[in-house]
Amino acid sequence: MPKIEIYTKDFCPYCKMAKDLLASLGQTWEEIDLTVHPDRTQEMLDRSGGRTTVPEIFIDGELIGGYDDLAALHTSGALKEKLG
């Protein structure tokens, strides 16, 4: 199973949609809630090339992007390949 990491914030509807999509595919993930751990914001910025929005989703260390990027991968069938 791939390692999925998601940077999120409380009350972010796109974060919830991303987690719901991954859950519907039977995936688990590590959630880094920046509301609870604001000290990890710089980590997200470094890993994402300066992207400041959430969610920021990584699969096996590869930046996928936000919810729209995840959903586009799912629609195209490429997400299934990344998830194995």
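Every number here is computed from the coordinates shown, using simple stated rules; none is lab data. Remember, predicted model here, so these are calculated numbers, not experimental data. All Cβ positions, glycine included, derive from the backbone under ideal geometry; neighbour counts span all protein chains shown.
Which Rg and Dmax, in Å, describe the Cα atoms of the chain?
For the chain, the Cα-based Rg and Dmax read 11.9, 35 Å.
Using 0.36 nm per residue of separation minus the Cα-Cα distance, give me the extension gain between LYS82 and LEU25 in nm, one decimal. Provide the component values of the computation, followed by the final result.
Details: separation 57, 0.36 × 57 = 20.52 nm, distance 1.20 nm.
Gain on stretching LYS82 to LEU25: 19.3 nm.
For the peptides 60-70, 26-36, what is the packing order when you average, over each peptide's residues, the other Cβ atoms within 10 Å and list the highest mean first?
Top of the packing list down: 60-70, 26-36.
How far apart, in nm, are two points set 7 Å out from the Cα along the Cα-to-Cβ line at HIS37 and at ARG51?
It is 1.8 nm.
Measuring from label point to label point, each 7 Å out along Cα→Cβ, what is the ASP69 to ASP10 span in nm?
Rounded to a tenth, the inter-label distance reads 2.7 nm.
Which one, LEU21, THR8, PHE58, is farthest towards the positive end of the dipole of the chain when Lys and Arg carry +1 and Asp and Glu -1 on their Cβ?
Farthest towards the positive end: LEU21.
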